[in-house]
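None of the figures in this text is laboratory data; all of them are computed from the coordinates on show. Everything quoted here is computed from the prediction, not taken from an experiment. FYI the Cβ positions are ideal-geometry reconstructions off the backbone, even for glycines, and counts take in every protein chain you see.
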Amino acid sequence: MSMHNLTWSATSSAVGLDNTIEESLSWLTGGYAAISREKVKSYFGPKMILIKAHIERKKQAREAVSNLGFNLLTKLAESGDLAERIDEGNTLHLRLDL
């Protein structure tokens, strides 16, 4: 499977630690990502901040994924549900617990 780009996204409440989340995404992406912020309303109304880190280059995206660590990537590969995590647009979806 080839990787063409990488996008991580995280949400923070208006009173959350959005700077910490942004720094974490920067570390996770190896500093290669363009990081953006967008103020949005949650389903229930409170204001939220959507933080996205996007990498366009294949090599940098692969390097950034390696920051998840060998053990986690091995566990994911051996989980047996990897194919179920890929949607019709050929996008792999993962959820990480902060």
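Summary table
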{"quantity": "MRE, 222 nm, helices only [DSSP H, n ≥ 4, -39500 (n - 2.57), over the chain, to nearest 500]", "calculated": "-8500 deg cm²/dmol"}
{"quantity": "Cα gyration tensor shape for region 25-98, rounded if a/c is under 1.5, else prolate or oblate", "calculated": "oblate"}
{"quantity": "Ordering of 66-75, 8-17 by packing [mean C-beta count within 10 Å, highest first]", "calculated": "8-17, 66-75"}
{"quantity": "Count of lysine pairs in region 3-98 with Cα separation under 23 Å (8 or more residues apart, or interchain)", "calculated": "5"}
{"quantity": "Charge tally in the Cβ shell below 13 Å around residue 22, where Lys, Arg are +1 and Asp, Glu are -1, residue 22 excluded", "calculated": "-1"}
